[in-house]
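What follows is a set of notes on a single structure, which appears directly below.
Quick note: the coordinates plus some simple rules give every number you see, no bench work behind them. The model shown is predicted, which means the values in this text are computed figures rather than measured ones. Here the Cβ positions follow ideal geometry from the backbone for every residue, glycine too, while neighbour counts run over all protein chains shown.
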Amino acid sequence: MKLSRTDWMQWKVTLIASGGYFLDGYILGIIGPVLLAMNFEFQLSPYDHGLLASSILVGILAGAVVFGYITDKIGRQKLMIFDLAAFVILSVCQFFVQDVSQLVLLRFLLGVAIGADYALASPLVAEYTNKRNRGPMLATVLTSFYVGYIGAVLVSIVLADIGESAWRWMLLSSAIPAIIIFLLRLGIPESPKWLINKGKIDEAREVVKKYLGEDLDPETIRNEINKPTSYSMIFQKGYRQRLAFASIFWACQVAPYFAIFSFVPVVLEGLNIEDPLTGELILNALVLFGAVIGCFLVNRVGRRKLMIIPFAITIIPLTLLGLFPEGNSLFVIICFGVYALAYSVQSVLQSVYPPELFPTEIRGTAMGFASGASRIGAAIGTYLLPIGIATIGIGPSMLFGSAILLFGTVISIMWAPETANMSLEETSALSGTEASVQNKTILGANQ
């Protein structure tokens, strides 16, 4: 099927914007093999493992919360270039570290760059796409994370035989995709909706005409123009519950996931799996497969069902692993496989729900806050997992993860809205009462 000019541009923006998520997956995916390889040189303690894996997540928290607001103020395109330049520089610097503390600092700074990209990539895609394409394209953004994760595992397998310095080359390898994505991003224009929001109508009209082959919709201008950006807006009535929902469901999804998958080789070794790197590759292939399924289902079954049903399923395998941690290899692989597949199907909503629930003037701010808040849980879980395995054992650690998933399921049942087949203006609109309160707040701020 031949793509229209509009569809082609929307897919181009989607794939290039997804590059940051690819790098996120790559940088996070490489740390598991790196931790195994670094032991030859540094004899890492469980606390070192936790710091190295969680430092990047703390950085994401800082970067997303700060740069989400900045991208709403200065635009998506400028920040999209800046953070990729940071990716390249920091990736190269990792090769030269002399101790664990230096690597922890660099991983934190990489996390800041990733957090910035989280805050701008999905809003940019949401603002370029129509309601027919928006769900699958936003889901594709998250799916690229898993492509990067698998790429990191494959590269680590190739580089593992280099010797004691293998971990340095593994860390350096992220510079190559970062350079490629940086060059591709140089040709992406600013979001038309953001330009309208800032009163730059002529620039927005030029972007829409040149890249999409369309005329600027007068209704879009009326909905978007000259609405102020304020961090406090995301905490006001109408947006508070949306922000809480986006932050909590995301945190409950990723806390067990990052904790487990950052240490998959270590966890699988502890569960008596003989070839942990191969096991990690199989599990991540399942995750990618599940995310692709999520891309196909996001419009067909709707966001709400896609959130709740897989969320409930993920509870089962972690509970079984917690109750029977001494199970044979087949039992362990099946449990991890079911968890990975169910998690990944719903995980695509991490890049779908947040940008759909907030308007252009605070979309990056809200996306940044939600992704940053989610990393609080992920960082805590990632730091505590190796310590928990060393102290209380794998069984209780898995049961704690299943409790987090149960909480996320309950929150989703209570608060998950249905946003499929609606325009971005419709999904982000407040109800009549909420809109009245919001307008009074804006008028008061402008007086």
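Using every pair of alpha-carbon atoms in segment 52-97, split the distances into 10 Å bins beginning at 0 and state the percent of pairs per bin, rounded to integers.
22, 48, 26, 4
In the Gaussian network model of the chain, springs joining C-alpha atoms below 10 Å, which of LEU124, LEU349, LEU216 carries the largest mean-square fluctuation?
LEU216
On a full-extension model of 0.36 nm per residue, what is the gain between ASP215 and GLU164, subtracting their alpha-carbon distance, rounded to one decimal in nm? Don't jump to the answer; show the numbers that get you there.
Working: separation 51, 0.36 × 51 = 18.36 nm, distance 5.88 nm.
Full extension from ASP215 to GLU164 adds 12.5 nm.
Among the listed pairs LYS210/LYS305; LYS131/LYS198; LYS12/LYS305; LYS209/LYS305; LYS78/LYS305, which have their C-alpha atoms separated by more than 31 angstrom in this model? Each step should come with its number before you reach the end.
On the way: LYS210/LYS305 38 Å; LYS131/LYS198 23 Å; LYS12/LYS305 29 Å; LYS209/LYS305 37 Å; LYS78/LYS305 36 Å.
Table pairs above 31 Å Cα-Cα are LYS210/LYS305; LYS209/LYS305; LYS78/LYS305.
Just to be sure I understand the model, the point goes 7 Å from the Cα along the line to the Cβ. What's the resulting TYR231 to ASP202 distance in nm?
With each label placed 7 Å out from Cα toward Cβ, I get 3.4 nm.
From the phi angles alone, apply the Karplus equation (6.51, -1.76, 1.60; θ = phi - 60°) to segment 342-355 and give each ³J(HN,Hα) in whole Hz, x where the residue is Gly or Pro.
For segment 342-355, the Karplus curve yields 5, 4, 5, 4, 7, 5, 4, 6, 4, 9, 9, 4, x, x Hz.
Using Stokes-Einstein with the Kirkwood hydrodynamic radius over Cα pairs, what translational diffusion coefficient do you get for segment 5-446 at 25 °C and a viscosity of 0.890 mPa s, in µm²/s rounded to a whole number?
Details: Rh = 21.9 Å.
Diffusion coefficient, whole number: 112 µm²/s.
Can you work out the Karplus-derived ³J(HN,Hα) for every residue in segment 107-118? Use 6.51 cos²θ - 1.76 cosθ + 1.60 with θ = phi - 60°, whole Hz, and x for glycine or proline.
Values, residue by residue: 5, 4, 5, 4, x, 4, 5, 5, x, 4, 5, 4 Hz.
Which residue fluctuates the most in the chain, going by a Gaussian network model with Cα springs under 10 Å, if the choices are VAL141, VAL125, VAL332?
Comparing VAL141, VAL125, VAL332 in the GNM, the peak value goes to VAL332.
Out of ALA291, ALA178, ALA139, any idea which swings most in a Gaussian network model of the chain, alpha carbons joined below 10 Å?
Of ALA291, ALA178, ALA139, the most mobile in the Gaussian network model is ALA178.
Over the chain, what is the mean sequence separation of C-alpha contacts under 8 Å (at least six apart), divided by residue count, expressed as relative contact order in percent? Display every interim value, and only then the final one.
Numbers: 799 pairs, mean separation 119.8, N = 447.
Dividing the mean separation by the residue count of the chain yields 27 percent.
Which far-off residues, 5 or more places away or on another chain, put their amide H under 5 Å from the one on SER45, with H placed in the peptide plane?
none
Express the Stokes-Einstein translational diffusion coefficient of segment 108-187 in µm² s⁻¹, to the nearest whole number, given a Kirkwood radius over alpha-carbon pairs, 10 °C and a viscosity of 1.306 mPa s. Could you put the intermediate results ahead of the total?
Values: Rh = 14.8 Å.
Estimated via Stokes-Einstein, D reaches 108 µm²/s.
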